[in-house]
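One structure below.
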Amino acid sequence: MISLYPFLNNIRFYTFNIWTPLKSNIMELYAILLYLCLFISCKSENDSEQKESIDEYELVWEDEFEYSGKLDTTKWGHEYGFQRNKELQFYTDNIKNVRVENGFLILEAHKEKIKNPLFKNVESEKWQENQEFANYSSASITTENLANWTYGKIEVKAKLPKGVGVWPAIWMLGKNCKDIGWPECGEIDIMEHVGFNKDSIFGTVHTKAFNHTIGTEVGKPVFIANPYVDFHTYAIEWTSENIDFIVDGKVYHNFQNTNKTTDEWPFDQPFHLKLNIAIGGSWGGQQGIDDYIFPQQMVVDYVRVYQKK
């Protein structure tokens, strides 16, 4: 709020030539009123633009987690076992690892020993088969085979796990990934966090031309205060021309469809959503794992998908 007191206080009474100080203060008051009118006008225009941006979308899919216990299996499926990136967690659908309670989705990682049913021998070339036991359990949920979307705004409100070794993610894969493989199918990382990089998250795309295996992935980090204590919204706005990466309503990264090739832009097709907590692995484990931090949770308030009307 702008106070007029300093200006009003300058008005004095004189026994002669009173017009000069009064004229000066009237001009100052006029300038302030003009500024306030311009400020209100600009704010109204900004509010109108923001409303138009919201109004152009409609909600097409959501989970507000207004239930308790197991996940809604009409919306979510589970991943199991060792999955990718030489991560050390064993994914399960156990209630201790994934559940809904008090209006929130809980993904929870534990330090515990779990027998690997795929184990063959320690000399197997497949890393999923050369470990007799896993030392961590966690959860990964997906809309694969249940819901896929082409373009739109995908938004998740969440609180992140904390500690060296955790690697939570909110991300998307092309529906055709099992047919043509990764990275050709495309990947959109709405939010990734690695525990050794405190108070920051990354938004990234992976394609045949741009991916971490050849050091060309296109991404950007952003600082977030207290992502382990406070809820934040993580989102993308995705069109045929670009993908905006957004935290708490603010765009911090943009990827554009510059050359119109599928090697660079495989994003004109349906994608499904995944939420998970990984432990260790090729990125999350680069500085080891602090075994004293467990259990750790990613707490999700809601997941919403909007598309243009």
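Quick grid of which residues meet (1) crowded, with 23+ Cβ neighbours inside 10 Å; (2) under 25 Å from Asn97 (Cα atoms):
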position	(1), (2)
Leu160	yes, yes
Val166	yes, yes
Cys177	no, no
Gly186	yes, no
Met191	yes, yes
Asn197	no, yes
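Within segment 295-309, residues that are more than 13 Å from Arg99 (Cα to Cα) reach partners that are assigned to a strand (DSSP E or B) and β-branched (Val, Ile, Thr) with beta carbons closer than 6 Å, at six or more positions or on different chains, in the pairs Gln296/Val166; Val303/Val156; Val305/Val60; Val305/Ile154; Gln307/Val60.
Filtered by the rule that a residue be hydroxyl-bearing (Ser, Thr, Tyr) and more than 21 Å from the chain's Cα centre (by Cα), segment 257-294 gives Thr258, Thr261, Thr262, Tyr292.
From the list Glu112, Glu123, Glu132, Glu101, the lone residue that is at pLDDT below 95, under 29 Å from Phe196 (Cα atoms), acidic (Asp, Glu) and surrounded by fewer than 18 Cβ atoms within 10 Å (Cβ to Cβ) is Glu132.
Of the residues that sit in segment 215-229 and are at negative phi and in a loop (DSSP other than H, G, I, E, B), which one is modelled with the lowest pLDDT? Filtering segment 215-229 for residues that are at negative phi and in a loop (DSSP other than H, G, I, E, B), the one modelled with the lowest pLDDT comes out as Ala225. Looking at this structure, is Val303 modelled with pLDDT of 95 or more, surrounded by 16 or more Cβ atoms within 10 Å (Cβ to Cβ) and assigned by TED's automatic domain parsing to the domain that holds Arg99? Yes.
For Glu237, the test of being touching a Lys or Arg at 6+ places or on another chain (Cβ under 7 Å) and among the acidic types (Asp, Glu) is passed. Restricting segment 256-274 to residues that are out of contact with any Phe, Trp or Tyr (no Cβ under 8 Å at 6 or more places or on another chain) and crowded, with 21+ Cβ neighbours inside 10 Å, the residue that is farthest from Lys96 (Cα to Cα) is Trp265. Looking at segment 87-135, the strands (runs of 3 or more DSSP E) lying wholly inside it that each contain 2 or more residues that are out of contact with any Lys or Arg (no Cβ under 9 Å at 6 or more places or on another chain), touching a residue at least 12 places away in the same chain (Cβ under 8 Å) and closer than 17 Å to Gly285 by Cβ sit at 89-91, 104-115.
The values are calculated or read from the model by the stated rules, or taken from the named source; none is laboratory data. Everything numeric here is computed off the predicted structure, so don't read it as measured data. Cβ: placed from backbone, ideal geometry, glycine included. Neighbour counts: every protein chain shown.
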